[in-house]
Amino acid sequence: MGKCLGLRKTTHATASEWREQLGLDYSNLYSFAFVRNPWDRFLSLYLYARMEESYHHSSIRLRRKRYGKHPDYETLRDASIETAAFLLLEGKLSFLWLPQCRWICDPSGKIICNFVGRLESVRTDWAHVAAKINAPGTLSHKNIANPNRIPYREKINAETKQLLDIYYQQDIQQLGYQF
């Protein structure tokens, strides 16, 4: 989305961090975020972290990609999806795996973005945002970790689902997702 918005550089800042940095200006700006089904997001993060080469990362040519090697590549390269869920609960994976509510809510758990779109309805939700901020109406998809669109229900077994349900409990409840 950063390129679509004309941004040269993007960050992984939370809405609370933006609000703190911008002060009163934050409430005068239109803020938005996009969320994703937590189980589908977990599968995508897992597949992405294990890629030798991705849109942003490379474990082969570290200087070739903007962010070098993915921070979880070594940890997950040979790990099963079940092991990844255990590592997540143990706090052994990077900040990228944090629950989405951590990104869009204030410390009390209140959503502080004006609009929260869903990846599952990205075309219509992006059209809503684009109209509000006068941005291009279409998005391109460049950072694909699951090109074969493997359904998360086929990859996440009952035990792994239980672990993810615990870790992503706030996302599931507050964002209304179901497995």
### Query
Accessible area per residue, 1.4 Å probe, Å², for the stretch 93-179: what's the number?
63
### Task
Quick one: which residues, 5 or more positions from VAL35 or on another chain, have an amide H under 5 Å from its amide H? H modelled 1.01 Å from N in the peptide plane, none for Pro or chain starts.
GLY117, ARG118, LEU119
### Label-point separation in nm, ARG149 to ASP165, each point 7 Å along Cα→Cβ
2.8
### Query
Say the cut-off is 31 Å between C-alpha atoms; which of LYS69/LYS132; LYS69/LYS155; LYS110/LYS132; LYS69/LYS161 go over it?
LYS69/LYS132
### Query
Full extension from ASN114 to GLU74: what is 0.36 nm times the residue separation minus their Cα-Cα distance, to one decimal in nm?
10.7 nm
### Task
Express in % the proportion of alpha carbon pairs of the stretch 75-179 at distances exceeding 20 Å.
54
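The values are calculated or read from the model by the stated rules, or taken from the named source; none is laboratory data. A quick note: this is a predicted structure, and the numbers were derived from the prediction, not measured. In this analysis, Cβ positions are derived from the backbone assuming ideal geometry, glycine residues included, and neighbour counts consider all displayed protein chains. Areas reflect the complete protein model, heavy atoms only, side chains present, ligands, DNA and RNA absent. Shrake-Rupley method; radii C 1.70, N 1.55, O 1.52, S 1.80 Å.
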